[in-house]
Amino acid sequence: MKKDLGLPDHFTAENPVRLDSEFNPNLYFNVLTHLKLTSGYKLDYIYFNDELGGLPLVYARKSSSAPFQSYTELLKSFDEEMSGERSYGELRHKYDYLEKIQIDKMPESYFEFVTMAFLGDQFYLWWHGLYNDAKILCDASDMQYVYADMKGFEIEFPQGVKNGIEEIDFSPVVIVGESDVTVRYVTFTKWGGFFENVYVMDKDNPMQLLDVKFNPLIEYDCGINF
(Lines give C-alpha, C1' and ligand atoms only; values in the text may rest on other atoms or scores of the structure.)
Protein backbone atom coordinates (compact mmCIF):
# COMPACT_ATOMS: atom_id res chain seq x y z
CA MET A 1 0.00 0.00 0.00
CA LYS A 2 2.83 2.40 0.87
CA LYS A 3 5.53 0.62 -1.12
CA ASP A 4 7.33 2.71 -3.73
CA LEU A 5 5.23 5.81 -3.12
CA GLY A 6 8.15 8.05 -3.95
CA LEU A 7 8.15 11.66 -2.78
CA PRO A 8 6.05 14.27 -4.58
CA ASP A 9 8.36 17.06 -5.74
CA HIS A 10 6.29 19.81 -4.16
CA PHE A 11 6.81 18.34 -0.66
CA THR A 12 10.39 19.62 -0.80
CA ALA A 13 9.22 23.16 -1.61
CA GLU A 14 8.20 25.85 0.85
CA ASN A 15 4.71 25.56 2.38
CA PRO A 16 3.73 22.24 0.73
CA VAL A 17 0.05 21.29 0.51
CA ARG A 18 -1.10 17.70 -0.06
CA LEU A 19 -3.10 16.86 -3.17
CA ASP A 20 -6.08 14.50 -3.46
CA SER A 21 -4.07 12.31 -5.86
CA GLU A 22 -1.51 11.49 -3.16
CA PHE A 23 -1.49 8.76 -0.51
CA ASN A 24 -4.79 8.38 1.31
CA PRO A 25 -4.33 7.21 4.93
CA ASN A 26 -7.94 6.00 5.02
CA LEU A 27 -6.73 3.04 2.95
CA TYR A 28 -5.22 1.64 6.14
CA PHE A 29 -8.67 0.37 7.10
CA ASN A 30 -8.72 -1.90 4.03
CA VAL A 31 -5.89 -3.84 5.71
CA LEU A 32 -6.50 -3.18 9.40
CA THR A 33 -9.99 -4.64 9.26
CA HIS A 34 -10.54 -4.78 13.03
CA LEU A 35 -10.35 -0.98 13.22
CA LYS A 36 -12.71 1.72 12.05
CA LEU A 37 -13.01 5.48 12.32
CA THR A 38 -15.68 7.18 14.39
CA SER A 39 -18.66 7.85 12.13
CA GLY A 40 -18.47 11.20 10.36
CA TYR A 41 -14.66 11.42 10.48
CA LYS A 42 -11.85 10.76 8.02
CA LEU A 43 -8.07 10.69 8.21
CA ASP A 44 -6.03 13.41 6.57
CA TYR A 45 -2.53 14.80 6.93
CA ILE A 46 -0.43 17.91 6.54
CA TYR A 47 3.17 17.81 5.37
CA PHE A 48 5.81 19.41 7.57
CA ASN A 49 9.21 20.27 6.15
CA ASP A 50 12.25 22.36 6.91
CA GLU A 51 15.73 22.72 5.47
CA LEU A 52 16.67 19.27 6.82
CA GLY A 53 13.81 17.09 5.59
CA GLY A 54 10.11 16.40 5.89
CA LEU A 55 7.39 14.13 7.25
CA PRO A 56 3.58 13.94 7.42
CA LEU A 57 1.36 14.55 10.43
CA VAL A 58 -1.78 12.43 10.31
CA TYR A 59 -4.93 13.82 11.93
CA ALA A 60 -8.65 13.05 12.04
CA ARG A 61 -11.19 15.62 10.90
CA LYS A 62 -14.91 15.74 10.38
CA SER A 63 -15.74 14.74 6.82
CA SER A 64 -17.60 18.03 6.41
CA SER A 65 -14.67 20.14 7.63
CA ALA A 66 -12.02 21.69 5.42
CA PRO A 67 -8.54 20.14 5.72
CA PHE A 68 -5.70 22.00 7.37
CA GLN A 69 -3.21 23.43 4.89
CA SER A 70 -0.16 23.50 7.15
CA TYR A 71 1.26 22.48 10.52
CA THR A 72 0.98 26.10 11.64
CA GLU A 73 -2.73 26.11 10.80
CA LEU A 74 -3.28 22.85 12.68
CA LEU A 75 -1.51 24.24 15.75
CA LYS A 76 -3.62 27.38 15.58
CA SER A 77 -6.76 25.24 16.03
CA PHE A 78 -5.31 24.34 19.47
CA ASP A 79 -4.32 27.97 20.20
CA GLU A 80 -0.69 26.93 19.86
CA GLU A 81 2.30 28.17 17.88
CA MET A 82 5.43 26.62 16.42
CA SER A 83 8.06 25.96 19.06
CA GLY A 84 11.24 24.62 17.52
CA GLU A 85 9.81 21.53 15.80
CA ARG A 86 12.17 19.84 13.36
CA SER A 87 11.83 17.21 10.65
CA TYR A 88 14.04 14.78 12.59
CA GLY A 89 11.90 15.06 15.75
CA GLU A 90 8.34 14.40 16.84
CA LEU A 91 5.55 16.79 15.95
CA ARG A 92 2.88 17.79 18.45
CA HIS A 93 -0.51 16.06 18.22
CA LYS A 94 1.10 13.14 16.41
CA TYR A 95 -1.16 10.59 18.08
CA ASP A 96 -4.36 12.61 18.44
CA TYR A 97 -6.05 10.87 15.51
CA LEU A 98 -5.98 7.57 17.37
CA GLU A 99 -8.69 8.91 19.67
CA LYS A 100 -11.10 8.63 16.73
CA ILE A 101 -10.19 5.02 15.92
CA GLN A 102 -12.49 2.32 17.27
CA ILE A 103 -11.57 -1.32 17.90
CA ASP A 104 -13.87 -4.35 17.63
CA LYS A 105 -12.21 -5.80 20.79
CA MET A 106 -11.09 -8.96 19.03
CA PRO A 107 -7.47 -9.81 19.96
CA GLU A 108 -6.35 -8.76 16.48
CA SER A 109 -7.77 -5.27 16.97
CA TYR A 110 -5.30 -4.46 19.75
CA PHE A 111 -2.38 -5.55 17.60
CA GLU A 112 -3.72 -3.49 14.70
CA PHE A 113 -4.23 -0.44 16.93
CA VAL A 114 -0.64 -0.50 18.15
CA THR A 115 0.56 -1.07 14.59
CA MET A 116 -1.40 1.96 13.42
CA ALA A 117 0.09 4.07 16.19
CA PHE A 118 3.60 2.85 15.36
CA LEU A 119 3.53 3.08 11.56
CA GLY A 120 0.60 5.32 10.64
CA ASP A 121 2.75 8.31 9.71
CA GLN A 122 5.57 6.38 8.07
CA PHE A 123 5.16 7.57 4.48
CA TYR A 124 6.57 10.38 2.32
CA LEU A 125 9.57 10.64 4.65
CA TRP A 126 12.32 12.88 3.32
CA TRP A 127 16.00 13.20 4.30
CA HIS A 128 16.24 13.55 8.13
CA GLY A 129 12.64 12.34 8.36
CA LEU A 130 14.02 8.95 7.29
CA TYR A 131 15.34 8.36 10.80
CA ASN A 132 11.75 7.13 11.40
CA ASP A 133 12.56 3.83 9.69
CA ALA A 134 11.33 1.30 12.30
CA LYS A 135 9.78 -1.91 10.98
CA ILE A 136 7.48 -4.39 12.73
CA LEU A 137 8.66 -7.96 12.16
CA CYS A 138 6.10 -10.73 12.72
CA ASP A 139 7.95 -13.65 11.17
CA ALA A 140 11.52 -14.55 10.24
CA SER A 141 10.52 -14.11 6.59
CA ASP A 142 9.94 -10.40 7.28
CA MET A 143 13.71 -10.02 7.44
CA GLN A 144 13.61 -9.85 3.64
CA TYR A 145 12.33 -6.27 3.97
CA VAL A 146 15.14 -5.38 6.37
CA TYR A 147 17.75 -6.86 4.02
CA ALA A 148 16.25 -5.00 1.05
CA ASP A 149 16.44 -1.74 2.99
CA MET A 150 20.02 -2.44 4.04
CA LYS A 151 20.97 -3.23 0.45
CA GLY A 152 19.60 0.14 -0.62
CA PHE A 153 22.09 1.78 1.75
CA GLU A 154 24.86 -0.60 0.63
CA ILE A 155 25.40 -1.94 4.15
CA GLU A 156 25.09 -5.36 5.76
CA PHE A 157 25.03 -6.81 9.26
CA PRO A 158 28.24 -7.99 10.93
CA GLN A 159 28.35 -11.73 11.56
CA GLY A 160 27.57 -11.35 15.25
CA VAL A 161 24.27 -9.62 14.45
CA LYS A 162 23.42 -12.26 11.83
CA ASN A 163 23.95 -14.97 14.42
CA GLY A 164 21.75 -13.16 16.92
CA ILE A 165 18.92 -12.79 14.42
CA GLU A 166 18.68 -16.57 14.21
CA GLU A 167 17.77 -16.66 17.92
CA ILE A 168 14.94 -14.09 17.81
CA ASP A 169 11.35 -15.23 18.27
CA PHE A 170 9.48 -12.92 15.89
CA SER A 171 6.00 -14.23 16.73
CA PRO A 172 3.69 -11.43 17.90
CA VAL A 173 1.72 -12.10 21.08
CA VAL A 174 -1.61 -10.68 22.30
CA ILE A 175 -2.70 -11.53 25.85
CA VAL A 176 -6.24 -10.47 26.75
CA GLY A 177 -6.86 -10.06 30.48
CA GLU A 178 -9.95 -9.06 32.43
CA SER A 179 -9.28 -5.32 32.20
CA ASP A 180 -6.10 -4.97 30.17
CA VAL A 181 -4.42 -6.29 27.04
CA THR A 182 -0.73 -6.92 26.41
CA VAL A 183 0.71 -6.73 22.89
CA ARG A 184 4.25 -7.90 22.16
CA TYR A 185 6.15 -7.76 18.89
CA VAL A 186 9.66 -7.28 17.50
CA THR A 187 10.84 -4.13 15.72
CA PHE A 188 13.99 -3.10 13.89
CA THR A 189 15.59 0.25 13.17
CA LYS A 190 18.93 0.86 11.49
CA TRP A 191 19.69 3.34 14.27
CA GLY A 192 19.28 1.09 17.29
CA GLY A 193 18.78 -2.50 16.22
CA PHE A 194 16.19 -5.09 17.24
CA PHE A 195 13.76 -4.51 20.09
CA GLU A 196 10.97 -6.39 21.81
CA ASN A 197 8.14 -3.86 22.17
CA VAL A 198 5.64 -4.65 24.94
CA TYR A 199 2.52 -2.54 25.38
CA VAL A 200 -0.03 -2.97 28.17
CA MET A 201 -3.25 -1.05 27.52
CA ASP A 202 -6.72 -0.63 28.91
CA LYS A 203 -9.02 -3.25 27.41
CA ASP A 204 -11.80 -0.77 26.63
CA ASN A 205 -9.58 2.16 25.66
CA PRO A 206 -6.27 1.20 24.02
CA MET A 207 -5.26 4.87 23.99
CA GLN A 208 -4.77 4.48 27.73
CA LEU A 209 -1.36 2.84 28.04
CA LEU A 210 -0.68 1.23 31.41
CA ASP A 211 2.91 0.20 30.67
CA VAL A 212 5.37 0.28 27.77
CA LYS A 213 8.72 -1.48 27.49
CA PHE A 214 11.28 -1.47 24.67
CA ASN A 215 13.58 -4.37 25.48
CA PRO A 216 16.78 -4.40 23.39
CA LEU A 217 17.41 -7.75 21.71
CA ILE A 218 20.35 -6.93 19.43
CA GLU A 219 22.06 -3.55 19.41
CA TYR A 220 23.01 -2.21 15.98
CA ASP A 221 23.75 1.15 14.41
CA CYS A 222 24.27 1.50 10.68
CA GLY A 223 26.65 4.41 11.21
CA ILE A 224 24.89 6.56 8.63
CA ASN A 225 24.31 10.22 9.49
CA PHE A 226 22.18 12.36 7.21
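A few notes on this one:
- Qualifying residue in segment 182-195 (condition: at pLDDT below 95, closer than 17 Å to Asn225 by Cα and of a type in the set (Lys, Arg)): no
- Flag: Val200 does not match the condition of being surrounded by 15 or more Cβ atoms within 10 Å (Cβ to Cβ), in contact (Cβ under 8 Å) with a residue 60 or more places away in the chain and part of a strand (DSSP E or B).
- Among the residues of segment 41-58, those that are over 17 Å from Glu85 (Cα atoms) and out of contact with any Ser or Thr (no Cβ under 6 Å at 6 or more places or on another chain) comprise Tyr41, Leu43, Asp44.
- For segment 100-112, the tally of residues that are of a type outside the set (Val, Ile, Thr) and closer than 16 Å to Asn26 by Cβ stands at 3.
- Hits in segment 1-47 - residues which are in contact with a helix residue (DSSP H, G or I) (Cβ under 8 Å, 6 or more places away or on another chain) and of a type in the set (Phe, Trp, Tyr): Tyr28, Tyr41, Tyr45, Tyr47
- Close pairs from segment 57-70: first at negative phi, partner at pLDDT below 95, Cβ under 7 Å, at least 6 apart: Gln69/Val17; Ser70/Asn15
- Among the residues of segment 68-122, those that are closer than 21 Å to Arg18 by Cα, part of a helix (DSSP H, G or I) and acidic (Asp, Glu) comprise Glu73, Asp96.
- Single residue of segment 177-196 satisfying the filter (surrounded by 13 or more Cβ atoms within 10 Å (Cβ to Cβ), touching a residue at least 24 places away in the same chain (Cβ under 8 Å) and farther than 25 Å from Lys151 by Cβ) that is farthest from the chain's Cα centre (by Cα): Asp180
- Within segment 208-222, not a single residue is under 27 Å from Asp44 (Cα atoms), buried (at least 18 other Cβ atoms within 10 Å of the Cβ) and either in contact with a Gly (Cβ under 8 Å, 6 or more places away or on another chain) or polar (S, T, N, Q) (or both).
The values are calculated or read from the model by the stated rules, or taken from the named source; none is laboratory data. Since the structure is predicted, the reported quantities are computational estimates derived from the model, not experimental observations. With ideal geometry, Cβ positions are generated from the backbone for all residues, glycine too; neighbour counts draw on all protein chains shown.
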